[in-house]
Every structure is written in structure tokens, then in C-alpha cells.
Amino acid sequence: IVVHLIGTHMKYAFRYPVSYNHFKDSKGLLAGLSEDKIKTINEYDNAVRYNDHIVYELINRLKKTNQHSLLVYFSDHG
């Protein structure tokens with residue numbers, strides 16, 4: 001089985017469902033960033049968070065099969 005994830009490329013907001021809109025403000029970011037930069041950073045972080053969730057779910061599903069298996073993840077941001 002091959003799963004091709006769309007990953008975390010621009011437009012980041014298209015890379016995760018609304019329910020994964022976790023990062024929404026400037027908390028934890030450098031002071032003085034423009035609203036556009038804050039929005040872009042938050043959308044990127046949300047996309048990474050969602051991608052990580054998908055990979056985590058794939059690993060857990062494979063573990064539950066309790067069979068000899070192999071999962072290989074290739075990132076294009078290596």
C-alpha cells in the first residue's frame with residue numbers, strides 16, 4: 001500500500017481540515033511580526049501538525065494488525 005500525503009506545501013491552509021486549525025494567534029512567536037507573517041506561520045504549523053497526525057494514525061493502524069510489517073516514511077523536506 002502506498003499513501004501519498006500532500007504534505008506541507010503552499011497554500012498551507014489547504015493542507016488540513018478546519019478542525020485542525022489549532023494555531024491561531026501570535027503566542028510563542030517572535031514579537032513584531034506582521035499579521036500576514038503570523039497567519040502564514042500558524043497555517044504552516046497547523047499543516048505540519050495535521051501531517052504528523054496522519055503519519056501517527058498510519059503507524060498505529062499498522063501496529064494493531066499485529067503482523068510482521070514495514071512502514072517507510074519519505075519526507076520531501078529532508
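Report the charge-dipole magnitude of the chain in Debye, nearest 20, computed about the Cα centre from +1 at each Lys and Arg Cβ and -1 at each Asp and Glu Cβ. Walk me through the numbers before you get to the answer.
On the way: 10 positive and 8 negative charges, 49 e Å.
Once rounded to the nearest 20, the dipole reads 240 debye.
In deg cm²/dmol, rounded to 500, what helix-only [θ] at 222 nm does the chain give when every DSSP H run of at least 4 residues adds -39500 (n - 2.57) and the total is split over its residues?
Values: 1 runs with 30 residues, N = 78.
Rounded to the nearest 500, it is -14000 deg cm²/dmol.
Can you count the Lys pairs in the chain whose Cα atoms are under 24 Å apart, with each pair 8 or more apart or on different chains?
Numbers: Lys11/Lys24; Lys11/Lys27; Lys11/Lys37; Lys11/Lys39; Lys24/Lys37; Lys24/Lys39; Lys27/Lys37; Lys27/Lys39.
Lysine pairs, 8 or more places apart or on different chains, close enough: 8.
Heavy-atom accessible area per residue, the chain, 1.4 Å probe: how many Å²? Don't jump to the answer; show the numbers that get you there.
Values: 6770 Å² over 78 residues.
Accessible area per residue: 87 Å².
Work out the charge dipole of the chain with +1 on the Cβ of Lys and Arg and -1 on the Cβ of Asp and Glu about the Cα centre, then indicate which of Tyr73, Leu58, Ile38 is farthest towards its positive end.
It is Leu58, whose Cα lies furthest towards the positive end.
With a 1.4 Å probe and all protein chains left in place, how much of the accessible area of the range 1-52 comes from carbon and sulfur atoms, in whole percent? Intermediate results must be reported in sequence, preceding the final value.
Values: 2370 of 4160 Å².
The value for the range 1-52 is 57 percent carbon and sulfur by accessible area.
With axes computed from alpha carbons, what is the tilt in degrees of helix 35-64 against the longest principal axis of the chain, rounded to the nearest 10 within 0 to 90?
10
Enter the mean projected area of the convex hull around the alpha-carbon atoms of the chain, in nm², rounded to one decimal. Don't skip to the answer; put the middle values down first.
Details: hull surface 26.5 nm².
Computed as one quarter of the Cα hull surface, the answer is 6.6 nm².
For Leu33, what accessible surface area do you get with a 1.4 Å probe? Give it in Å², rounded to 10.
Its heavy atoms expose roughly 50 Å² to the probe.
What relative contact order, as a whole-number percentage, does the chain give when Cα pairs under 8 Å and 6 or more residues apart are counted? Could the numbers behind the result be given before it?
Values: 47 pairs, mean separation 25.7, N = 78.
Across the chain, relative contact order equals 33 percent.
Given a 1.4 Å probe and heavy atoms of the protein chains only, how would you sort Arg61, Arg49, largest accessible area at the top? Don't skip to the answer; put the middle values down first.
On the way: Arg61 165, Arg49 95 Å².
From most accessible down to least: Arg61, Arg49.
Give me the accessible area of Val2, 1.4 Å probe, in Å² rounded to the nearest 10.
Probe radius 1.4 Å; accessible area of Val2 about 140 Å².
Work out the FRET efficiency for Val2 and Lys24 from their Cβ-Cβ distance, taking R0 = 30 Å, and round it to the nearest 0.05.
Numbers: r = 34 Å, r/R0 = 1.13.
Computed FRET efficiency for Val2 and Lys24: 0.35.
The values are calculated or read from the model by the stated rules, or taken from the named source; none is laboratory data. Keep in mind the model is a prediction, meaning the values are calculated, not measured. Please note: Cβ atoms are built from the backbone with ideal geometry, for glycine as well, and neighbour counts cover all protein chains shown. Keep in mind that these areas ignore ligands, DNA and RNA; they rest on the heavy atoms of the full protein, side chains included. Shrake-Rupley method; radii C 1.70, N 1.55, O 1.52, S 1.80 Å.
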